[in-house]
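Below you'll find the structure, written out as C-alpha cells, and then a few comments.
The values are calculated or read from the model by the stated rules, or taken from the named source; none is laboratory data. Worth saying up front: this structure is predicted, and the values here are computed from it rather than measured. Here the Cβ is made from the backbone with ideal geometry for all residues, glycine too, and neighbour counts use every protein chain on show. Heavy atoms of the whole protein, side chains included, go into the accessibility calculation; ligands, DNA and RNA do not. Shrake-Rupley method; radii C 1.70, N 1.55, O 1.52, S 1.80 Å.
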Amino acid sequence: MSSKSVAVVGVTGAVGQEMLAVLEARDFPLSGIRPLASERSAGKTVQFKGEELPVEVLGQNSFSGIDLALFSAGASISREYAPLAVDSGAVVVDNSSAFRMDPEIPLVVPEVNSGAIAGHQGIIANPNCSTIIMVVALQPIQELSPLTRVVVSTYQAASGAGAKGMDALRRELAGEQLDDSPFPHRLAGNLVPRIDVVQDDGYTKEELKMTLETRKIMGLGQVPISATCVRVPVERAHSESIQVSTESPLDISAIREAF
Ligand SMILES: NC(=O)c1ccc[n+]([C@@H]2O[C@H](COP(=O)([O-])OP(=O)(O)OC[C@H]3O[C@@H](n4cnc5c(N)ncnc54)[C@H](OP(=O)(O)O)[C@@H]3O)[C@@H](O)[C@H]2O)c1
C-alpha cells in the first residue's frame, strides 16, 4: 500500500488515542499525520512514535492533502465535517453513529463484511462497539447455518462513555460523589442497565443499535434480535453473553471448529 496522509478527528479522546496507538503498532504507512480536536485542546500535544505532535483545532480547511480521515468526535461533528473531508478528496472512516444506518453508506466490520467497502462513496461507517464484538462471534455460526434468533446480554465497561466515563469511575472508586458523571446513576459498586436513552418500546437506544446494526452488517433481514445492555463498574473491556437459534441443529464441535 502506498503511504497515506491520515487525519484523526477526536485525537484526544478515548477512541482517538486508541486509533493513534493502532496506527503506531501496525506501522501503518504514513506520509503524514494530522491530529485534530476541539478548541479545548488548542496548545496540547499528543504522543506518536516517540514524538510530541501539536493538536490542531478542527476547521473547514483541516482536510486539504488528507487521504484518510478517521472520525471519532461524536455524531454531530461527523455530520458537519465528514462531507467536507470527502469534498477535499479524503476517504472517511466514521466511528460515530451519524451514518451507520444510511442505506447508501457501508457499515463495515472487516472480519465480517469487508466486501461492502467496495460500494463506498467517500464515507465508511463502523458500528457500535457492542455490535462489533457480537458480529465477529455470530458470522462463523451464520456461515454454518442461518441464524433465526439472537438474544444478547452485554457487560459494558466505563470506556464506552469515553475518557469522561473512565475518569468518572476512577473518581467514584476513590470515594468522590460526582455531579458531573456521564452515567445516569453511580457506577462504582453498581450495575446500570440503561445505556443511552430509553425508547418507546422499552429498549434503550444502545440495545436498538445492536439489533439494527447487526442486521445491516450481516444481511439478516428481520431476524429477531433482542439485546440487554448493562454498564458494569470496570474501566475497560466489554463482555457479552449471546444465545442463538439456527435453521438447522448444529453440533457444538462444528461451532468450535468454525472459529
Ligand atoms: N465504535 C466504538 O467502539 C465506540 C466506542 C466508544 C465511543 N465511540 C464513539 O466515538 C466517539 C468518541 O468517543 P470517545 O469515547 O473517544 O469520546 P471522548 O473520550 O469524550 O473524546 C471525544 C473527542 O472528540 C473531540 N471533540 C469533541 N467536540 C469536538 C469539536 N467540537 N471539534 C473537534 N473535536 C471535538 C474531543 O476533543 P477535546 O479533547 O478537544 O474536547 C475528543 O478528542 C463518539 O461518537 C462515540 O459514540 C465509539
Kirkwood Rh in Å, taken over the chain so that all alpha-carbon pairs contribute: 19.9 Å
Using a Förster distance of 35 Å, the FRET efficiency for residue 194-residue 2 (Cβ separation, nearest 0.05): 0.15
Net lengthening on full extension, residue 64/residue 44 (0.36 nm per residue, minus Cα-Cα): 5.0 nm
Nonlocal amide H pairs with residue 204, under 5 Å, H built at 1.01 Å: 199
Linear extension gain, residue 76 paired with residue 178, 0.36 nm per residue minus alpha-carbon span: 34.1 nm
Cβ-based charge dipole, the chain, positive-most Cα from 139, 155, 68: 155
5 angstrom amide H check on residue 246, placed H, neighbours 5+ away: 148
Over segment 130-258: Kirkwood hydrodynamic radius from C-alpha pairwise inverse distances, Å: 15.9 Å
Sequence-distant residues sharing a close amide H with residue 33 (under 5 Å, placed H): 6
Theoretical FRET efficiency, 1/(1+(r/R0)^6), r = Cβ-Cβ of residue 26 and residue 236, R0 22 Å, to 0.05: 0.65
For residue 185, net neighbour charge (Lys/Arg +1, Asp/Glu -1) across residues whose Cβ lies under 12 Å away: +2
Hz values of 3J(HN,Hα) by residue in segment 172-187 - Karplus curve (6.51, -1.76, 1.60), Gly and Pro given as x: 5, 5, 7, x, 6, 9, 9, 10, 10, 6, x, 9, x, 9, 3, 9
Heavy-atom accessible surface of the chain: percent carbon and sulfur, 1.4 Å: 50 percent
Potential extension, residue 243-residue 255 segment - 0.36 nm per residue separation minus Cα distance: 3.0 nm
Interatomic Cα distance distribution for segment 4-126, bins of 5 angstrom, percent: 2, 12, 22, 25, 21, 12, 5, 1, 0
222 nm mean residue ellipticity, helices alone, for the chain (DSSP H n ≥ 4; -39,500 (n - 2.57); rounded to 500): -9000 deg cm²/dmol
The chain, relative contact order [Cα under 8 Å, separation at least 6], %: 17 percent
Net charge, residue 156 excluded, C-beta distance under 14 Å - Lys, Arg +1, Asp, Glu -1: 0
Segment 236-259-segment 67-145 distance, computed between alpha-carbon centres (Å): 25 Å
